[in-house]
Amino acid sequence: MRGLIALLAAFSLLVPVPALAATEPRTGFEKTGKWTTEAEEQAYLRSLGLPVTQIGTTAQGRPLQLVRVGSSAAHTVVLFTCSQHGDEPAGREACLIRMRSLPRASNVTYLFVPNANPDGRALDTRGNSSGIDINRDHLLLRSAEARAMTAVIRDWQPDVIHDLHEFGPSSPYYVKDVLWLWPRNLNVSADVHSLSETLSRSYVRPSVEAAGRTSGVYGIYVDPVTGEPVRQVAGDGQERILRNTAGLKHAMGLLVETNSDGAPAFRVASHLRALDGTQSFVRDNRSAVEAAGAASRAVRSGPVYFGGADNQAPDPSDVLSTPPCGYVLTGAQYREVGDELALHGIRSEYLRGGDRIVPLHQEARALIPLLLDARADGPLLSARPVAQCVNSLAN
């Protein structure tokens, strides 16, 4: 939190923070107390001297960028997606600040998508310039923003994905400073799920609470007097949300939301404390995290769930106890969704007659039925399930 001293003092935050050296780059937010502009962001990134890659372009022509801190050859990879919702700017500011202070030579590669929704940020809207909620688009990939992030996940195979957001308290029962949550989707492997919950509960929570913030599970209203849960209003197992998609792609997933009713500096500093928690988690659990991801990629059997969550039993009709061997797509169907399957890292093979088969016997097993089965909630399309696969990928 070094760069926030002036702002933190102005808002009477109690934790002393050392000042930046006069020559060290500063974000627009650190200089003025106002959210960093697009031009200020680009100038700041250039001044850091870090590797910056353009991973896509928005509908309005703005660059989608990936910033790397640390060696590209490190075994452990952590991905931070910052402000997918354009009207939630504090996460972006925290990411810009944090990438400056991370070690450039370490056994962890830190990746940042520092502005995950540049058009929405410019418009101050939740969605992108087409009105698409990017955090609801990590399955169908209708937006350039989600497609770019999906390609990053495919190519880098991050071990941890930390997604930074903000929430507006719409009820007297939703009054915490910071909320956090792990993947709830039932198709997430047991070890990935367990470590993701550990990341939220045992690292992010104590980190933010040690700084005097209140925190809790995202999506759960609690009684402000008793602290008891009242009802769940969000935070389910929808596979299209990045927190869940991360788990389905073998990464420890984390959603962090700060309360947008707070002062801007307080919100940014809260995100920085959550980032501290993730860094501590990675430092303490690197071997377990890598092992959990490898074990998840190796899963080739077990039921498929089209509903339910880790805190909600699925309806029996949503449980596929004996999944098919794979799904057959006609040539026309494959032409329609082949790009999306490739972005997800899903392999297929030609069949006689021009059809394609997508076997479940591959690393993307947990995701494939959610994309291609008619029983899924909003699949790409309804492909034909088959009990036997006669091709090399099925073996």
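Miscellaneous remarks
- Some residue of the range 98-112 being crowded, with 20+ Cβ neighbours inside 10 Å, assigned to a helix (DSSP H, G or I), under 19 Å from the mean Cα position of the chain (by Cα) and not basic (Lys, Arg): yes
- Qualifying residue in the range 273-293 (condition: under 28 Å from VAL77 (Cα atoms) and part of a loop (DSSP other than H, G, I, E, B)): no
- Residue tally, condition in a helix (DSSP H, G or I), acidic (Asp, Glu), in contact (Cβ under 8 Å) with a residue 24 or more places away in the chain and out of contact with any helix residue (DSSP H, G or I) (no Cβ under 6 Å at 6 or more places or on another chain), over the range 121-157: 0
- Identity of the residue in the range 311-321, in a strand (DSSP E or B) and in contact (Cβ under 8 Å) with a residue 24 or more places away in the chain, that ends up surrounded by the most Cβ atoms within 10 Å (Cβ to Cβ): LEU320
Each row is one residue, and each column tells you yes or no for (1) surrounded by fewer than 21 Cβ atoms within 10 Å (Cβ to Cβ); (2) of a type in the set (Ser, Thr, Tyr); (3) touching a residue at least 60 places away in the same chain (Cβ under 8 Å); (4) assigned by TED's automatic domain parsing to the domain that holds ALA313.
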residue: SER170; (1), (2), (3), (4): yes, yes, no, no
residue: VAL175; (1), (2), (3), (4): yes, no, yes, no
residue: VAL178; (1), (2), (3), (4): no, no, yes, no
residue: ASN187; (1), (2), (3), (4): no, no, yes, no
residue: GLU197; (1), (2), (3), (4): yes, no, no, no
residue: SER200; (1), (2), (3), (4): no, yes, no, no
residue: TYR203; (1), (2), (3), (4): no, yes, yes, no
residue: GLU209; (1), (2), (3), (4): yes, no, no, no
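- Candidate set: the range 273-310, residues that are of a type in the set (D, E, K, R) and closer than 21 Å to ALA94 by Cβ; chosen: the one surrounded by the most Cβ atoms within 10 Å (Cβ to Cβ): ARG273
- Qualifying residue in the range 211-225 (condition: among the polar types (S, T, N, Q) and within 17 Å of PHE281 (Cβ to Cβ)): yes
- Count - residues of the range 113-130 that are of a type in the set (Gly, Ala, Ser), under 17 Å from the mean Cα position of the chain (by Cα) and surrounded by 24 or more Cβ atoms within 10 Å (Cβ to Cβ): 1
- For the criterion of being within 19 Å of the chain's Cα centre (by Cα) and assigned by TED's automatic domain parsing to the domain that holds TRP182, VAL289 passes.
- When SER270, SER215 are screened for being of a type in the set (Gly, Ala, Ser), touching a Ser or Thr at 6+ places or on another chain (Cβ under 7 Å) and surrounded by 22 or more Cβ atoms within 10 Å (Cβ to Cβ), only SER270 passes.
- Condition check for ARG286: modelled with pLDDT of 95 or more and out of contact with any strand residue (DSSP E or B) (no Cβ under 9 Å at 6 or more places or on another chain): no
- Some residue of the range 251-270 being in a strand (DSSP E or B), more than 22 Å from LEU139 (Cβ to Cβ) and within 19 Å of the chain's Cα centre (by Cα): yes
- Scanning the range 326-339 finds no residues that are in contact with a Gly (Cβ under 9 Å, 6 or more places away or on another chain), closer than 28 Å to ALA74 by Cα and in a helix (DSSP H, G or I).
- Selection within the range 340-358 - under 26 Å from the mean Cα position of the chain (by Cα) and either in a strand (DSSP E or B) or not assigned by TED's automatic domain parsing to the domain that holds ARG375 (or both): VAL358
- Single residue of the range 39-88 satisfying the filter (touching a Gly at 6+ places or on another chain (Cβ under 6 Å) and among the small types (Gly, Ala, Ser)) that is surrounded by the fewest Cβ atoms within 10 Å (Cβ to Cβ): GLY86
- Taken over the range 211-243, the criterion of being under 15 Å from ASP177 (Cα atoms) and either in a helix (DSSP H, G or I) or free of Cβ contacts under 8 Å to residues at least 24 places away in the same chain (or both) is satisfied by ILE220, GLY227.
The values are calculated or read from the model by the stated rules, or taken from the named source; none is laboratory data. Since this is a predicted model, take the numbers as computed values, not measurements. Every residue, glycine among them, receives a Cβ derived from its backbone with ideal geometry; neighbour counts consider all protein chains shown.
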